[in-house]
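Step one of this worksheet: look at the structure below.
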Amino acid sequence: MFRLPCAAALLAVLAVPASAQNSAPAKKSPAMPGMSGMRGMRGMRDSSRVGTRGTTSKRKKTTSPVAGGAPMAMTAGADMEGMAMPVPMPKGMPMIPGLVGLTPAVTSFLPGVGVDSRSLPVAMASRLTRLRNGDTLDLTAMLVRRTIKGHSYVMYAFNGQSPGPLIRVPQNASITVRFHNRIDLPSAVHWHGVRLDNRFDGVPGLTQAEVASGKDFTYTVHFPDAGFYWYHPHVREDIQQAMGLFGNMRVDAPEPEYYSPVNREQTLVLNDILINGDTLIPFGKESADYALMGRVGNVLLVNGEPRYSLRAQKGDVVRFFITNVASSRTFNLSFGGAPIKIVASDVSRFEREERVASVVIAPAERYIVEVRFDRPGRFTIVNAVQSINHYLGEFTSEVDTLGSVAVAAVPAAHDFGAQFAALRANDAVSRDIARYRKYFDKAPDKTLTLTVAANTLPLATVQFMNVDTAYFAPVEWVDGMPDMNWLSTARQVRWILRDDATGQENMNIDWHVAQRSVVKIRIFNDPKSFHPMQHPIHLHGQRMLVIARDGVATKNLVWKDTALIPVGSTVDLLVDASNPGVWMLHCHIAEHLEAGMMTAIHVDSVAAGAGR
Amino acid sequence: MTGAFWFGRTLLLVSLFCGTDGPFDIELFNTPASPTAQGHARLVFAESPFGVAVTADGRASYDVRIDASGLPDPATLGAFSTYVAWAVTTDLTEWHRLGRVTNGTSVVGHAELNKFLLVITAESSPEPRAHSGPTILHGTSPSGWLQSFLSHPLFRGLPP
Ligand SMILES: [Cu+2]
């Protein structure tokens, strides 16, 4: 069969004039900057505007690209006049000339419009907040001043901390959280992964009203499951999360040996931020920009800082609690060759501990791993991926250093090498899951297809997409086409969860299940859509198992709340619909969510004793 | 590299890979050594506790499910007793043995190259160190669909 994109590609290639085909490709001109391309962009602007297709832009007309009210002092040194296209391009990837000079059709937004940054508190690191059953926490979303790589920005934080306070509670505790919204956008707090009371799930329009700037909302958060969770706003996550509103919750099981003994424990919150030189790339005010791939930052952060560091002793076993709070980036983390053992994920431990070479973590997922540093020296923590250069049609190995662990020659105070070497079987997890195995082979209750629709995108973007869809990687680790991505807004791109049975899409899907039913959902990520991409799909308020991928049964199960669906893959989820209420099922790429990729499952209450 | 080279390569890629169905399918082609052989392969992520199976440097790790038919008795091709699948770099310099292939379905792995040729050869043992016999089926990983846009009008500022 001769696929349409192939035909288009062939025709496109044939249509190139011979002179164009034979002339040397433009390379290393000032018009193709590296990662900090402002000057180059400026050099490109005049000539390239000739070919611009006349897309109007409020941003261009009404504000400078770094405007949005950020105080000038915050961007001192930036040459704003030159920033016709402030998007940093990957090395060796030129912009499509037809896109140069265009800007997204939205007004620029950055936190802190009109605020004197010098009046703001300096952001602090996350602090541990231990709470007992019945305790109350005041949680304030606020403006802060943050310094990243020597440059100061107005950003957001919870209680002045980014990441926000690490809330540590015993299993089955209930706490009261008095949320105070003191940022310049409406907000709300979602308690990601926690099977709490529906009215406290923090989803404006579904479970509560938006909390306006200056207003408050009181949550009761009940923690029925031990594990590692996180909280974040469920309003314009593309801005609020990216600008610093996220924090973790650790729920301790009563069993003292729930985890193996280790020498130390560390929290790693993985994130990225998009900066051009010393300037934050602004957000879209009316709707999200970067709607195609989500905003992929070019500065990688651990716990809010560009470099993480830890000191350890020879033989130390460190348990890392890892969360990916990035808008779009999936990480592939490793620890300089130190052996890694995977222990737990979102809502439970694994049935069996396993050795892994690296930790693949999509947005919103959590993994708990143990790492043994068995020799003195420096272990570099890296994110190592294969990016695709869509211009050259080639893969490139990309390694970003996230931090390091300096291991002293002094031996560990306690040697937990034997416990580290043992791969524990968590029988309690297997026994719990065994009750659900009878549902593994049933027909899916719901099949969903993930796809995308677009309109009014720049012509050059559409043309590139049409000829570039011959192959898409299962996971796009980096943004290989930032110009096209930046210019796409959530008004132009609609990401879709489609119910195969009814054809209904996103919030139009009318979906009811009975409480205490076990629901099998099959999700297919259509590789032949306009722009296929992986989607980390998150279900609120319940727990689920990924029981099969592409027809292959999962051998080592774990309770999850977020599952990565690679391009072209079919993933079977088994949902324990235990918790009544109306719950979101959505992609956790913030811009995909903003572009509509969400639906709701109504879990209808059933009187106790009834049900399955 | 000249524009003509890339143009030719792009044409080759476009024409070679327009027959498959998705990001995981590999159509296998026979050779004069095995005109009756037919096959298709599908890449399935190797077992992993994560949402996607990758190596520490981020390359996808696949089991390769090969459905083959019409494979002749290897002995009819020479001093051979079995068929073996290999993942081969596109410059043919690295051959990674994946496993033994028979008529019917064989699952071999792991294939962990970004782009690779899937080559099935006749061999005298199921675990040879190097390939030695004739190729009877071959195909290319779906990532071979990736196209170069070096000479494309989109990147040259020409009217579309
Ligand atoms: Cu998505």
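The values are calculated or read from the model by the stated rules, or taken from the named source; none is laboratory data. Just so it is clear, the model here is predicted, and its values are computed rather than measured. Glycine gets a Cβ as well: all are built from the backbone with ideal geometry, and neighbour counts include every protein chain shown. Heads up: the accessible areas ignore ligands, DNA and RNA and are worked out on the full protein's heavy atoms, side chains in. Shrake-Rupley method; radii C 1.70, N 1.55, O 1.52, S 1.80 Å.
Listing for the model above:
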quantity	calculated
Residue match in region A:354-368 (condition: surrounded by fewer than 24 Cβ atoms within 10 Å (Cβ to Cβ) and farther than 24 Å from A:PRO566 by Cβ)	no
Total residues in region A:279-306, condition open to solvent by 10 Å² or more (accessible area, probe 1.4 Å) and at positive phi	1
Check on A:ALA443, within 15 Å of the ligand (Cβ to nearest atom) and outside the structural domain of A:PRO282 (by TED's automatic domain parsing)	no
Of all residues in region A:388-402 being more than 8 Å from chain B (Cβ to nearest Cβ) and more than 19 Å from A:ASN324 (Cα to Cα), the one that is most open to solvent (accessible area, probe 1.4 Å)	A:THR396
Residue ranges of strands (runs of 3 or more DSSP E) in region B:98-160 with at least 3 members within 14 Å of chain A (Cβ to nearest Cβ) and open to solvent by 20 Å² or more (accessible area, probe 1.4 Å)	B:104-111
Flag if A:SER517 is open to solvent by 20 Å² or more (accessible area, probe 1.4 Å) and either away from the ligand (no atom under 16 Å from the Cβ) or under 30 Å from A:ALA288 (Cα atoms) (or both)	yes
Qualifying positions in region A:483-512 - touching a helix residue (DSSP H, G or I) at 6+ places or on another chain (Cβ under 9 Å) and either among the aliphatic types (A, V, I, L, M) or not assigned by TED's automatic domain parsing to the domain that holds A:LEU457 (or both)	A:MET484, A:LEU487, A:ALA490, A:VAL493, A:ILE496, A:LEU497
Residues of region A:293-307 that turn out to be within 16 Å of the ligand (Cβ to nearest atom) and either among the hydrophobic types (A, V, I, L, M, F, W, C) or outside the structural domain of A:ILE361 (by TED's automatic domain parsing) (or both), as a count	2
Candidate set: region A:318-357, residues that are within 10 Å of chain B (Cβ to nearest Cβ) and outside any strand (DSSP E or B); chosen: the one nearest to the chain's Cα centre (by Cα)	A:THR330
Region A:369-386 - residue that is open to solvent by 10 Å² or more (accessible area, probe 1.4 Å) and not acidic (Asp, Glu) and, of those, nearest to the other protein chains (Cβ to nearest Cβ)	A:GLN386
Enumeration of residues in region A:404-418 that are buried (at least 16 other Cβ atoms within 10 Å of the Cβ), closer than 28 Å to A:SER348 by Cβ and touching a Pro at 6+ places or on another chain (Cβ under 9 Å)	A:PHE416
Matching residues in region A:552-583 - criterion: being of a type in the set (A, V, I, L, M) and within 14 Å of another protein chain (Cβ to nearest Cβ)	A:VAL552, A:ALA553, A:LEU557, A:VAL558, A:ALA563, A:LEU564, A:ILE565, A:VAL567, A:VAL571, A:LEU573
Residue count for region A:208-226, restricted to those that are in a loop (DSSP other than H, G, I, E, B) and open to solvent by 30 Å² or more (accessible area, probe 1.4 Å)	7
Boolean, B:ASP25 is in contact with a Lys or Arg (Cβ under 9 Å, 6 or more places away or on another chain) and at pLDDT below 95	yes
Residue list for region A:472-501, restricted to those being of a type in the set (Ser, Thr, Tyr) and surrounded by 24 or more Cβ atoms within 10 Å (Cβ to Cβ)	A:SER488
Residue in region A:598-612 that is farthest from the ligand (Cβ to nearest atom), counting only those that are out of contact with any Cys (no Cβ under 9 Å at 6 or more places or on another chain) and not in a loop (DSSP other than H, G, I, E, B)	A:ASP604
Region A:479-496 residues that are among the acidic types (Asp, Glu), paired with ones that are not in a loop (DSSP other than H, G, I, E, B) (beta carbon under 7 Å, 6 or more apart)	A:ASP479/A:ASN485; A:ASP483/A:LEU99
Out of A:VAL429, A:VAL452, sole residue that is within 16 Å of the ligand (Cβ to nearest atom) and of a type in the set (A, V, I, L, M)	A:VAL452
Failed item, numbered, when A:ASN426 is tested on (1) of a type outside the set (A, V, I, L, M); (2) more than 29 Å from A:ARG349 (Cβ to Cβ); (3) within 14 Å of chain B (Cβ to nearest Cβ)	(2)
Selection count, region A:576-597, where residues are within 12 Å of the ligand (Cβ to nearest atom) and surrounded by fewer than 22 Cβ atoms within 10 Å (Cβ to Cβ)	1
Residue in region A:550-575 that is farthest from the ligand (Cβ to nearest atom), counting only those that are of a type in the set (Val, Ile, Thr) and either closer than 17 Å to A:GLY227 by Cα or assigned by TED's automatic domain parsing to the domain that holds A:VAL343 (or both)	A:VAL558
Segments classed as strands (runs of 3 or more DSSP E), wholly inside region A:84-188, with at least 1 members that are among the acidic types (Asp, Glu) and open to solvent by 40 Å² or more (accessible area, probe 1.4 Å)	A:136-148
Answer from A:GLY193, A:GLY205 - the residue that is closer than 26 Å to A:SER605 by Cα, of a type outside the set (Ser, Thr, Tyr) and crowded, with 18+ Cβ neighbours inside 10 Å	A:GLY193
Some residue of region A:529-549 being buried (at least 21 other Cβ atoms within 10 Å of the Cβ), more than 16 Å from the ligand (Cβ to nearest atom) and free of Cβ contacts under 8 Å to residues at least 24 places away in the same chain	yes
Those residues of region A:106-141 which are closer than 30 Å to A:VAL493 by Cα and among the hydroxyl-bearing types (Ser, Thr, Tyr), in sequence order	A:THR107, A:SER108
